[in-house]
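Participant: Questions regarding the structure given below will be posed in turn.
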Amino acid sequence: MDWDGLSMQRLLPFFLSNLVMVDSAAEVIAAMGRGEVSAKSVEDEYVNGVYEEIAGHFSATRHTPWPRIAAFMESIPAGSLTADVGCGNGKYLPLNAGRSFNIGSDRSANLVSICRGRGGLESLVADNLVLPFRSAAFDCAISIAVIHHFSSPHRRLLAVTELCRIVRPGGRILIYVWALEQDSKKFKEPDNFVSWTLQPQFAAASSSPSAPSSSSSSGANKKAAKKTRKSKTADDATSLHSQRQQEQQHQQKQQGSSSSSSTPTQLPENKRGEPGGEEPRPSSEPVVYQRFYHVFRKGELEELLQESGMATIVDSGYDHENWFVVAQRL
Ligand SMILES: C[S@@+](CC[C@H](N)C(=O)[O-])C[C@H]1O[C@@H](n2cnc3c(N)ncnc32)[C@H](O)[C@@H]1O
C-alpha cells in the first residue's frame with residue numbers, strides 16, 4: 001500500500017468518519033442519498049463549522065429585523081418568556097424586551113459570544129435538537145432561518161418537535177425557512193449549497209478564540225470547515241453561480257446594504273488547508289465557504305408542523321423569500 005501524502009488524503013475519510021471528503025456540492029448530496037454521509041456530518045461541516053468561521057462577518061450583515069417578525073415579537077404579551085432558537089447574533093432579542101423576557105440559543109459559540117458582547121442579551125450555546133429547557137417552559141418561540149439548515153427530513157422534524165416541546169400549550173411559535181420558489185431565482189433542487197465569501201478583515205477575527213472556552217463544537221467545526229474543497233463539475237459551478245446571485249440579492253434585500261459577502265462559485269483549493277497541509281492563507285484573500293440549505297417548497301413547512309402533531313397552524317405565508325408559519329402549541 002502506498003502511504004504517500006496523496007494516498008493518505010484518499011484514505012483519510014475512512015479514518016475520520018465525521019469528515020466529508022468530496023469535491024462538489026453535488027457529490028455531497030449524492031453521497032447523502034446513498035447513505036454514505038450522515039446528515040449530522042453534513043451539518044457539522046457545512047452548517048455549524050461554517051457559522052463558527054463566518055460568525056463575525058455574518059453578524060456584521062445582520063442588524064435589521066424583518067417587520068413581520070418584529071411585529072410578532074411586539075405582539076407578545078407583557079410578562080412572557082420567549083425563546084429565539086438559532087438566534088444568530090441576537091438581532092431579534094432586544095425586541096419587546098421591556099415587556100417580555102427573551103432568551104436566545106444557538107449552536108454557534110462564536111455567534112453566542114457576539115450576542116453576549118452586545119450587552120443585556122441572554123443567550124446560550126445549544127443545539128436545536130436537544131434544547132436544555134424544560135418542556136412548556138416558554139410562552140413563545142421563534143426560529144428564523146434555522147430549520148432549513150437541517151439536512152434530512154427526520155432531523156427537520158426533530159428540530160420542529162423540539163421547538164414545540166419547549167412552548168406551553170396555547171403558546172405561539174413563529175418559524176421562517178428559505179423558500180424554494182423565491183421571487184428572484186428559483187432553486188432547481190431542494191438540497192443546495194450556498195456560498196459565503198468570508199472577507200479577509202473578518203477572517204482573522206473568526207479564527208481568533210472568541211468563543212467561550214466551554215464550546216465543545218467550535219474546534220471540531222473549524223477543522224471540518226477546512227475540509228471544504230473546490231467544486232469541479234461545470235453543472236455544479238453553474239448551480240452555485242446562480243445560488244451566489246440569489247444569496248447576494250437575498251442579503252442585500254434583507255440588510256438594505258451592500259456589505260454582505262459576495263459568493264464566487266468555487267472554493268480556492270488548498271486555501272483552507274488540505275489534510276496534512278499547513279499552508280498559511282494570505283490574509284488579503286477571501287475564503288469561500290459552503291452552507292447547506294434545504295429550501296422548502298410551498299406547503300412543506302405546514303406539513304412538517306402537522307407531522308409533529310404538536311401545534312396547529314394559525315397563519316402562514318411568504319415573506320422576504322421565506323415561507324413562514326405562526327403556530328399554536330397544542
Ligand atoms: C441564517 S442564520 C439565522 C440567525 C438568526 N435567526 C437571524 O435571523 O438572524 C442560521 C442560524 O442557525 C444556527 N443553527 C444552525 N444549526 C443549528 C442547530 N442545530 N442548533 C442551533 N442553532 C443552529 C446557526 O448557527 C445560525 O446562527
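Participant: Every residue in the range 145-186 that is out of contact with any Pro (no Cβ under 9 Å at 6 or more places or on another chain), farther than 30 Å from residue 100 by Cα and away from the ligand (no atom under 16 Å from the Cβ), please.
Facilitator: Within the range 145-186, 181, 183, 184, 185, 186 qualify.
Participant: Taking residue 133 as the residue in question, decide whether it is assigned to a helix (DSSP H, G or I), of a type in the set (Phe, Trp, Tyr) and either within 25 Å of residue 67 (Cα to Cα) or within 16 Å of the ligand (Cβ to nearest atom) (or both). Full working, then the answer.
Facilitator: On the way: assigned to a helix (DSSP H, G or I): no; of a type in the set (Phe, Trp, Tyr): yes; either within 25 Å of residue 67 (Cα to Cα) or within 16 Å of the ligand (Cβ to nearest atom) (or both): yes.
Spelling it out, it is not the case that residue 133 is assigned to a helix (DSSP H, G or I), of a type in the set (Phe, Trp, Tyr) and either within 25 Å of residue 67 (Cα to Cα) or within 16 Å of the ligand (Cβ to nearest atom) (or both).
Participant: Does residue 132 satisfy being over 17 Å from the mean Cα position of the chain (by Cα), closer than 26 Å to residue 292 by Cα and surrounded by fewer than 19 Cβ atoms within 10 Å (Cβ to Cβ)?
Facilitator: Details: over 17 Å from the mean Cα position of the chain (by Cα): yes; closer than 26 Å to residue 292 by Cα: yes; surrounded by fewer than 19 Cβ atoms within 10 Å (Cβ to Cβ): yes.
So residue 132 fits the description; yes.
Participant: While we're here: In the range 37-73, which residues are among the basic types (Lys, Arg), within 24 Å of residue 288 (Cα to Cα) and assigned to a helix (DSSP H, G or I)?
Facilitator: The first filter runs over the range 37-73 and keeps only residues among the basic types (Lys, Arg), leaving 40, 62, 68.
Subsequent filtering for residues that are within 24 Å of residue 288 (Cα to Cα) retains 40, 62.
Result: 40, single match.
Participant: Among the residues of the range 71-96 satisfying the criterion of being without any contact (Cβ under 8 Å) to a residue 40 or more places away in the chain and charged (D, E, K, R), which is farthest from the ligand (Cβ to nearest atom)?
Facilitator: Ranking the qualifying residues of the range 71-96, first place goes to 74.
Participant: I need a count of the residues in the range 303-327 that are over 18 Å from residue 182 (Cβ atoms) and free of Cβ contacts under 8 Å to residues at least 24 places away in the same chain.
Facilitator: Start the filter on the range 303-327 by keeping residues that are over 18 Å from residue 182 (Cβ atoms), which leaves 303-315, 326-327.
Checking which are free of Cβ contacts under 8 Å to residues at least 24 places away in the same chain leaves us with 303, 306, 309, 312-313, 315.
Counting residues in the range 303-327 that are over 18 Å from residue 182 (Cβ atoms) and free of Cβ contacts under 8 Å to residues at least 24 places away in the same chain gives 6.
Computed from the coordinates by the stated procedures, all read-outs in this text should not be read as laboratory data. If you're wondering where the values come from, they're calculated on a predicted model, not measured in any experiment. Neighbour counts are summed over all protein chains in view; Cβ atoms, including those assigned to glycine, are modelled from backbone coordinates with ideal geometry.
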